[in-house]
Every structure is written in structure tokens, then in C-alpha cells.
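Below is one structure; the comments refer to it alone.
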Amino acid sequence: MEEFKKSILALVIETSSNLPEDVRRSLRSTMDGETAGSQSALALDTIALNIDMACDTSAPLCQDTGTPTFEIKTPVGANQMVMKQWIRDAIAEATRLGHLRPNAVDSLTGKNSGNNLGEGTPVMHFDQWEADGEIEVRLLLKGGGCENKNIQYSLPAELPELGRADRNLDGVRKCILHAVYQAQGQGCSTGRLAWPSAGIALGLRIRKAAVVPDARRHQPQPRACEARGVRSGPRQHPGDRHHGVRGESDAVRMQGRLVSQAPRQFFVTVAYDCWAFRRLGVVLDSRTGAITRWLYKGDTPAVRMARSEHLPLTAAS
């Protein structure tokens with residue numbers, strides 16, 4: 001396992017600087033739907049240039065490099081305690097090299113550890129699987145500005161216009177639309193920075209939603225609910241009121257998940273990310289720790305985002 005720590009360091013650096021292909025495609029689709037020369041189009045063009053520059057120079061996509069969250073699957077018998085220490089070492093090294101901003105602050109003393117290590121950080125979740133020769137590591141760098149706007153609804157109490165009849169997927173959709181509306185002008189640095197805040201508004205991505213008690217009865221419909229959540233709702237777009245940024249897109253993408261809960265509960269949890277949805281993964285050789293393949297990233301070069309006659313359509317990732 002001599003390569004394990006080196007592989008984790010490579011994963012952290014790549015996740016911080018190179019936006020995944022599916023996120024690039026979604027953003028490109030959003031850019032293509034905006035009116036040329038509009039404020040929203042200019043904001044998205046600035047974001048696109050930022051994405052290209054970060055990829056070209058292996059620099060962080062955003063000044064807030066987020067909270068490192070690892071999801072790890074290991075074969076039975078793998079030493080997870082040793083892996084945890086190697087991951088911590090890789091995080092500290094990535095911070096020293098400037099690929100991560102020191103974000104681990106003691107909640108009571110306010111002291112920053114300076115290396116992104118502290119109680120509860122980085123976040124690591126381990127599971128075992130039966131793939132004896134492989135270790136899977138997925139990493140999410142979740143920014144603090146987005147975390148501060150997560151919303152949990154308890155139907156019908158928290159939305160007065162909804163009744164018990166809305167304890168279904170349509171009620172979930174209404175919660176999502178309410179969350180999109182509430183997000184206007186919020187996000188990165190609570191709106192103090194102009195272009196990242198515009199990016200939040202136009203690049204809103206609802207990552208987890210849809211908690212339905214009777215999952216078996218509603219299972220065939222979640223993707224239809226996802227599509228409706230993005231395309232319908234009030235046309236006052238997030239960002240209008242605080243930044244004067246009007247655009248054609250309320251959200252870049254939405255994903256839902258159904259989970260079981262107690263019969264008297266009906267919670268809908270909405271978590272959103274800005275355009276800098278930084279998540280990648282690797283599959284490692286369980287004997288050496290070397291990377292055998294990447295997740296969320298293909299073999300082709302990353303698609304360039306900036307629209308300019310002076311730039312090629314693709315660049316090395």
C-alpha cells in the first residue's frame with residue numbers, strides 16, 4: 001500500500017481544481033440557454049473562464065475549498081485505521097501545497113489548526129465490499145456557503161399552504177420550488193462577493209431531496225419529479241432581488257433520493273451546491289494503493305468551458 005497516500009493526494013488536488021465532466025456538460029447547457037450579452041450570460045462566462053484557468057494551472061476552483069468528505073469502500077480485512085491516518089496526512093500535505101484552504105476551526109476557541117485536521121474533519125465514512133482487489137474512494141469538497149443554506153421541511157407544518165394531502169411527491173416538488181426561491185441572493189459569502197454569488201444563483205444545484213415514507217408506492221416517479229422541479233415555478237429567478245442578475249435557468253441540475261422514515265414523519269431535506277460541485281473518485285489496487293481508474297472522469301480531455309475563438313474546444317485535464 002505504498003502508493004495509497006500519494007493516490008489520495010492526487011485525488012484531492014484533482015477534485016479541487018478540475019470540475020467533473022457531467023457538471024461541465026450541465027453548465028454548458030445552461031450557458032447555451034442564456035441570452036448572449038445578458039448579465040446572466042456574462043456571469044456564466046466568468047465562471048467558465050474560472051473553470052478553465054483552475055484546470056490549466058491545478059489551482060483551486062474556489063477560494064473556499066470546502067470540507068473534505070470521503071466515502072470509502074474496502075475489502076474485508078483492510079486496515080481502516082491506517083488508511084484514516086494516510087488520508088489525514090494527504091489532507092495536511094494538500095493544505096501545505098495550497099490546494100486546500102485551512103478550514104478546520106475549533107468551534108469553541110476559534111483556533112484554526114492550519115492543516116485542515118481537527119475533531120470530525122476530514123469526514124471519512126468506511127464501508128466494506130466484496131471486491132477483494134479494489135478500494136474505492138470518493139471525495140466531495142462541500143463549500144461552507146452552500147452548507148449554510150441547507151433546508152429541511154416537515155410537511156405540512158412548515159409550509160402553511162400545504163396540507164396533509166401534500167405528503168407525496170407533489171408536496172416534495174413544492175418544497176423544492178420553495179427552497180429555490182428562498183436561495184435567491186444567498187450562498188457564497190452570504191452574497192458579499194458579486195460573481196460567486198451570481199454563480200450560486202444561476203448555477204443552483206439541488207443535490208439531495210425527496211424523502212417519501214411509502215417509497216414502494218412512489219418509486220417509479222422520482223425522476224419525473226426531478227425534471228418538474230427544475231423547469232417549473234415562479235419566474236423570479238434566484239439572484240434577481242439582490243444582484244439584478246436575471247437569467248433563464250433556476251437550477252443546473254437536480255437529483256433526488258427516497259428513504260424510509262417513521263410513519264408520523266414527512267421530512268424533505270434540500271441541500272444545494274453552487275456551480276463548483278467538486279466531487280471525484282478513484283479505484284485503487286488494494287495491494288499497492290495505486291490508482292487503477294478514475295470515477296466521474298473519462299479518458300477524453302476535459303471540455304473547455306470559455307467561449308472564445310482563441311481557445312481550443314478541449315484541454316488536457
**Prompt:** So which of V137, V180 is at pLDDT 70 or above, buried (at least 19 other Cβ atoms within 10 Å of the Cβ) and part of a strand (DSSP E or B)?
**Reply:** V137
**Prompt:** When the residues of the range 280-307 are filtered to those that are part of a strand (DSSP E or B) and crowded, with 20+ Cβ neighbours inside 10 Å, which remaining residue is farthest from the chain's Cα centre (by Cα)?
**Reply:** L284
**Prompt:** Of (1) over 17 Å from L140 (Cα atoms); (2) over 16 Å from the mean Cα position of the chain (by Cα), I8 satisfies all except one. Which?
**Reply:** (1)
**Message:** Take the conditions of a type outside the set (F, W, Y), more than 23 Å from I135 (Cα to Cα) and either modelled with pLDDT of 95 or more or crowded, with 21+ Cβ neighbours inside 10 Å (or both) and apply them to G37. Does it pass?
**Reply:** no
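Listed here are the residues, each with its yes/no results for (1) modelled with pLDDT under 70; (2) within 28 Å of T15 (Cβ to Cβ).
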residue	(1), (2)
P234	yes, no
V259	no, yes
Q265	no, no
T269	no, yes
**Request:** Go through the range 1-105 and tell me which helices (runs of 4 or more DSSP H), entirely inside it, have 2 or more residues that are touching a helix residue (DSSP H, G or I) at 6+ places or on another chain (Cβ under 6 Å) and not charged (D, E, K, R).
**Result:** 4-17, 39-57, 80-96
**Message:** Residue pairs, Cβ under 6 Å, 6 or more apart or interchain, first in the range 39-61 and within 25 Å of T95 (Cβ to Cβ), second outside any helix (DSSP H, G or I) and modelled with pLDDT of 90 or more. List them.
**Reply:** I51/L19; A54/L61; C55/N18
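Listed here are the residues, each with its yes/no results for (1) surrounded by fewer than 15 Cβ atoms within 10 Å (Cβ to Cβ); (2) more than 28 Å from R287 (Cα to Cα).
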| site | (1), (2) |
| --- | --- |
| I13 | no, no |
| V23 | no, yes |
| A43 | no, yes |
| S58 | yes, yes |
| E71 | no, no |
| A94 | no, no |
| G98 | yes, yes |
| T109 | yes, yes |
**Prompt:** When the range 90-117 is examined, which residues are found to be among the small types (G, A, S), modelled with pLDDT of 95 or more and over 21 Å from T57 (Cβ atoms)?
**Reply:** A92, S113, G114
**Message:** I'm trying to understand the selection: among the residues of the range 140-164, which are modelled with pLDDT of 75 or more and either aliphatic (A, V, I, L, M) or touching a Pro at 6+ places or on another chain (Cβ under 6 Å) (or both)?
**Reply:** L140, L141, I151
**Count - residues of the range 115-133 that are of a type in the set (G, A, S) and exposed (fewer than 12 other Cβ atoms within 10 Å of the Cβ)** = 2
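The values are calculated or read from the model by the stated rules, or taken from the named source; none is laboratory data. Fair warning: this is a prediction, and the values are worked out from it, not measured in the lab. FYI the Cβ positions are ideal-geometry reconstructions off the backbone, even for glycines, and counts take in every protein chain you see.
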